[in-house]
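The block underneath contains the structure these notes are about, expressed in C-alpha coordinates.
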Amino acid sequence: MTSTPRSFLILHGWQNHRPKDHWQHWLADELTAGGDRVTYPQLPEPDRPDLGAWLARLRELMAADERLPRGEHVVVCHSLGALLWLQAAARGGIRADRVLLVAPPAAEVLDRHEEIAAFARPAATAAHVRAAAGRTGLVAGDNDAYCPGGAAHHYGHPLALDTDVIPGAAHLDLDAGYGPWPSLLAWAHDPAVRISARPPTP
(Lines give C-alpha, C1' and ligand atoms only; values in the text may rest on other atoms or scores of the structure.)
Protein backbone atom coordinates (compact mmCIF):
# COMPACT_ATOMS: atom_id res chain seq x y z
CA MET A 1 0.00 0.00 0.00
CA THR A 2 1.34 3.44 -0.92
CA SER A 3 1.46 5.87 2.02
CA THR A 4 -0.29 9.23 1.74
CA PRO A 5 2.24 11.86 0.69
CA ARG A 6 3.19 14.69 2.96
CA SER A 7 1.73 18.11 2.24
CA PHE A 8 3.99 21.16 2.42
CA LEU A 9 2.96 24.79 2.49
CA ILE A 10 5.84 27.21 1.95
CA LEU A 11 5.32 30.85 2.95
CA HIS A 12 7.64 33.60 1.72
CA GLY A 13 8.46 36.99 3.19
CA TRP A 14 8.35 40.68 2.35
CA GLN A 15 9.38 41.70 -1.18
CA ASN A 16 9.81 38.05 -2.11
CA HIS A 17 8.63 37.19 -5.61
CA ARG A 18 9.73 33.54 -5.35
CA PRO A 19 13.10 33.81 -7.16
CA LYS A 20 14.16 30.46 -8.53
CA ASP A 21 17.55 30.48 -6.77
CA HIS A 22 16.06 30.97 -3.27
CA TRP A 23 16.13 27.97 -0.94
CA GLN A 24 12.32 27.99 -0.74
CA HIS A 25 12.03 27.51 -4.50
CA TRP A 26 14.70 24.80 -4.39
CA LEU A 27 12.92 23.07 -1.51
CA ALA A 28 9.59 23.17 -3.34
CA ASP A 29 11.18 21.63 -6.43
CA GLU A 30 12.99 18.91 -4.46
CA LEU A 31 9.92 17.92 -2.45
CA THR A 32 7.73 17.85 -5.56
CA ALA A 33 10.25 15.68 -7.39
CA GLY A 34 10.19 13.31 -4.44
CA GLY A 35 6.43 12.85 -4.64
CA ASP A 36 5.27 15.19 -1.88
CA ARG A 37 2.43 17.66 -2.34
CA VAL A 38 3.77 21.22 -2.30
CA THR A 39 2.00 24.56 -2.29
CA TYR A 40 4.31 27.56 -2.72
CA PRO A 41 1.99 30.48 -3.40
CA GLN A 42 2.74 34.09 -4.24
CA LEU A 43 1.06 35.94 -1.40
CA PRO A 44 -0.87 39.13 -2.25
CA GLU A 45 1.10 42.33 -2.88
CA PRO A 46 4.44 41.12 -1.49
CA ASP A 47 5.98 44.60 -1.68
CA ARG A 48 3.17 46.18 0.36
CA PRO A 49 1.63 43.26 2.24
CA ASP A 50 -1.64 43.68 4.06
CA LEU A 51 -1.86 41.57 7.20
CA GLY A 52 -5.58 40.94 6.78
CA ALA A 53 -5.17 39.82 3.17
CA TRP A 54 -2.26 37.54 4.04
CA LEU A 55 -4.16 36.01 6.94
CA ALA A 56 -7.17 35.38 4.72
CA ARG A 57 -5.00 33.74 2.07
CA LEU A 58 -3.29 31.56 4.68
CA ARG A 59 -6.65 30.34 5.96
CA GLU A 60 -7.76 29.53 2.40
CA LEU A 61 -4.60 27.52 1.84
CA MET A 62 -4.96 25.65 5.12
CA ALA A 63 -8.60 24.85 4.37
CA ALA A 64 -7.66 23.52 0.94
CA ASP A 65 -5.09 21.21 2.50
CA GLU A 66 -7.65 19.85 4.94
CA ARG A 67 -9.74 18.64 2.00
CA LEU A 68 -6.89 16.46 0.68
CA PRO A 69 -6.31 12.84 1.73
CA ARG A 70 -4.71 13.11 5.13
CA GLY A 71 -0.94 12.91 5.32
CA GLU A 72 1.49 14.90 7.43
CA HIS A 73 0.93 18.62 6.95
CA VAL A 74 4.09 20.73 7.22
CA VAL A 75 4.38 24.53 7.00
CA VAL A 76 7.74 26.20 6.28
CA CYS A 77 7.86 29.98 6.73
CA HIS A 78 10.63 32.48 6.02
CA SER A 79 11.02 35.98 7.42
CA LEU A 80 7.69 37.85 7.31
CA GLY A 81 5.99 34.53 6.54
CA ALA A 82 7.01 33.39 10.03
CA LEU A 83 5.32 36.43 11.56
CA LEU A 84 2.25 35.67 9.45
CA TRP A 85 2.09 32.20 10.98
CA LEU A 86 2.43 33.57 14.53
CA GLN A 87 -0.25 36.17 13.86
CA ALA A 88 -2.57 33.40 12.65
CA ALA A 89 -1.69 31.15 15.59
CA ALA A 90 -2.62 33.93 18.00
CA ARG A 91 -6.06 34.12 16.39
CA GLY A 92 -6.61 30.34 16.48
CA GLY A 93 -8.43 28.05 14.10
CA ILE A 94 -5.39 26.72 12.21
CA ARG A 95 -3.56 23.43 12.68
CA ALA A 96 -0.52 21.79 11.10
CA ASP A 97 1.51 18.78 12.12
CA ARG A 98 4.86 20.56 11.89
CA VAL A 99 5.91 24.17 11.42
CA LEU A 100 9.33 25.67 10.83
CA LEU A 101 9.92 29.38 11.37
CA VAL A 102 13.02 30.54 9.49
CA ALA A 103 14.65 33.89 10.33
CA PRO A 104 11.68 35.81 11.75
CA PRO A 105 12.50 39.54 11.97
CA ALA A 106 12.35 41.45 15.24
CA ALA A 107 9.54 43.90 16.00
CA GLU A 108 11.98 46.82 16.20
CA VAL A 109 12.93 46.21 12.57
CA LEU A 110 9.34 45.87 11.36
CA ASP A 111 8.45 49.09 13.17
CA ARG A 112 10.85 50.98 10.90
CA HIS A 113 8.93 49.96 7.78
CA GLU A 114 5.36 51.22 7.47
CA GLU A 115 4.57 48.53 4.89
CA ILE A 116 5.07 45.67 7.36
CA ALA A 117 4.71 47.23 10.82
CA ALA A 118 1.28 45.61 11.30
CA PHE A 119 2.93 42.16 11.36
CA ALA A 120 5.01 43.03 14.43
CA ARG A 121 4.35 41.78 17.95
CA PRO A 122 1.95 38.90 17.30
CA ALA A 123 0.01 38.09 20.46
CA ALA A 124 0.93 34.41 20.16
CA THR A 125 1.92 32.60 23.34
CA ALA A 126 3.56 29.21 23.75
CA ALA A 127 0.06 27.79 24.24
CA HIS A 128 -1.10 29.31 20.95
CA VAL A 129 1.90 27.82 19.17
CA ARG A 130 1.21 24.36 20.62
CA ALA A 131 -2.44 24.60 19.58
CA ALA A 132 -1.48 25.55 16.01
CA ALA A 133 0.99 22.70 15.39
CA GLY A 134 2.11 19.40 16.81
CA ARG A 135 5.66 20.72 16.87
CA THR A 136 7.15 24.06 15.91
CA GLY A 137 10.80 24.74 15.28
CA LEU A 138 12.90 27.85 14.76
CA VAL A 139 16.08 28.24 12.72
CA ALA A 140 17.99 31.50 12.46
CA GLY A 141 21.42 32.96 11.91
CA ASP A 142 23.37 34.33 14.83
CA ASN A 143 24.08 37.58 12.98
CA ASP A 144 20.75 38.45 11.35
CA ALA A 145 20.58 42.21 10.84
CA TYR A 146 16.80 41.91 10.70
CA CYS A 147 16.67 40.41 14.17
CA PRO A 148 18.99 42.28 16.55
CA GLY A 149 19.41 40.33 19.76
CA GLY A 150 18.71 37.08 17.99
CA ALA A 151 15.62 35.08 17.10
CA ALA A 152 16.14 32.74 20.04
CA HIS A 153 15.77 35.73 22.39
CA HIS A 154 12.76 37.25 20.62
CA TYR A 155 10.89 34.05 19.69
CA GLY A 156 12.62 30.83 20.68
CA HIS A 157 12.69 31.26 24.44
CA PRO A 158 9.34 33.08 24.90
CA LEU A 159 7.47 30.56 22.73
CA ALA A 160 9.38 27.47 23.90
CA LEU A 161 10.50 26.63 20.36
CA ASP A 162 12.99 23.94 19.44
CA THR A 163 15.73 26.19 18.04
CA ASP A 164 18.73 25.82 15.75
CA VAL A 165 21.07 28.82 15.51
CA ILE A 166 23.46 28.78 12.56
CA PRO A 167 26.70 30.77 12.86
CA GLY A 168 27.18 33.41 10.19
CA ALA A 169 23.94 32.62 8.36
CA ALA A 170 22.55 36.17 8.53
CA HIS A 171 18.91 36.27 7.27
CA LEU A 172 19.09 32.84 5.63
CA ASP A 173 18.27 34.35 2.26
CA LEU A 174 19.86 34.69 -1.14
CA ASP A 175 22.20 37.43 0.07
CA ALA A 176 23.53 34.92 2.60
CA GLY A 177 23.95 32.32 -0.14
CA TYR A 178 20.96 30.18 0.79
CA GLY A 179 19.91 28.35 -2.33
CA PRO A 180 20.23 24.55 -2.03
CA TRP A 181 20.01 23.64 1.66
CA PRO A 182 20.33 19.88 2.14
CA SER A 183 19.84 19.76 5.92
CA LEU A 184 16.50 21.55 5.57
CA LEU A 185 15.38 19.01 2.98
CA ALA A 186 16.48 16.26 5.38
CA TRP A 187 14.41 17.88 8.16
CA ALA A 188 11.41 18.00 5.83
CA HIS A 189 11.61 14.20 5.62
CA ASP A 190 12.61 13.61 9.25
CA PRO A 191 11.81 16.07 12.06
CA ALA A 192 14.58 14.59 14.22
CA VAL A 193 17.21 16.12 11.91
CA ARG A 194 19.00 19.19 13.29
CA ILE A 195 19.13 21.96 10.71
CA SER A 196 22.63 23.16 9.92
CA ALA A 197 24.32 25.52 7.50
CA ARG A 198 24.23 25.10 3.75
CA PRO A 199 27.29 23.53 2.13
CA PRO A 200 30.18 25.93 1.44
CA THR A 201 30.06 27.60 -1.95
CA PRO A 202 32.66 26.02 -4.28
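The values are calculated or read from the model by the stated rules, or taken from the named source; none is laboratory data. Quick caveat, the model's predicted, so the values are computed rather than measured. Ideal geometry is used to build each Cβ from the backbone, glycine not excepted, and the neighbour counts take in all protein chains shown. Calculation scope for accessible area: heavy atoms of the full protein, side chains included, ligands and nucleic acids excluded. Shrake-Rupley method; radii C 1.70, N 1.55, O 1.52, S 1.80 Å.
Report the paramagnetic label zone for residue 118: residues of region 81-110 whose backbone N is under 20 Å from a point 7 Å from Cα along the Cα-to-Cβ axis. From region 81-110, the list is 81-94, 105-110.
If I take all pairs of Cα atoms in region 83-122, what percentage of them are more than 12 Å from each other? So the portion of pairs separated by more than 12 Å is 61 percent. Across region 131-143, coupling constants 3J(HN,Hα) worked out from phi with the 6.51/-1.76/1.60 Karplus curve, θ = phi - 60°, read 5, 7, 7, x, 8, 10, x, 10, 9, 7, x, 8, 9 Hz, and Gly and Pro carry x.
A Förster radius of 25 Å combined with the Cβ-Cβ distance from residue 53 to residue 135 puts the calculated FRET efficiency at roughly 0.35. If you plug each phi of region 36-53 into the Karplus form 6.51 cos²θ - 1.76 cosθ + 1.60 with θ = phi - 60°, what whole-Hz ³J(HN,Hα) values come out, in order, with x for Gly and Pro? Per-residue couplings from phi come out as 7, 8, 10, 10, 10, x, 7, 6, x, 6, x, 7, 9, x, 9, 4, x, 5 Hz.
Taking amide H positions as modeled 1.01 Å from N, with prolines and chain starts lacking one, the residues under 5 Å from residue 100 and 5 or more places away or on another chain are 75, 76, 77, 137. Of 141, 193, 64, which is farthest towards the positive pole of region 52-202's charge dipole, taken about the Cα centre with +1 and -1 on the beta-carbons of Lys, Arg and Asp, Glu respectively? Of the options given, the answer is 64. With a cut-off of 13 Å between beta carbons, the residues surrounding residue 92 carry a summed charge of +4, where Lys and Arg count +1 and Asp and Glu -1.
Near residue 176: Cβ cut-off under 13 Å, other residues only, Lys/Arg at +1 and Asp/Glu at -1. The net charge is -4.
For region 58-65, putting each phi into the Karplus relation 6.51 cos²θ - 1.76 cosθ + 1.60 with θ = phi - 60° gives couplings of 4, 5, 4, 5, 5, 5, 5, 5 Hz, in residue order, rounded to whole numbers and with x for Gly and Pro.
The listed residues 98, 135 rank as 135, 98 when sorted by accessible area, largest first, using a 1.4 Å probe. Evaluated with a Cβ-only charge set (Lys, Arg +1; Asp, Glu -1), region 107-191 carries a dipole of roughly 360 debye about its Cα centre, given to the nearest 20.
With all protein chains kept in place, the per residue accessible area of region 161-202 amounts to 50 square angstrom at a probe of 1.4 angstrom. Based on alpha carbons, the Rg and Dmax found for region 121-175 are 11.8, 34 Å.
Atom-type composition of the exposed protein surface of region 48-202 places 55 percent of the accessible area on carbon and sulfur (1.4 angstrom probe). Summing Lys and Arg as +1 and Asp and Glu as -1 over all other residues whose Cβ lies under 13 Å from the Cβ of residue 115 gives a net charge of -3. Per residue, the accessible area of region 17-145 comes to 42 Å² when a 1.4 Å probe rolls over the protein heavy atoms. Summary of the geometry: region 110-151 and region 162-201, compared by the centres of their Cα atoms, lie 18 Å apart.
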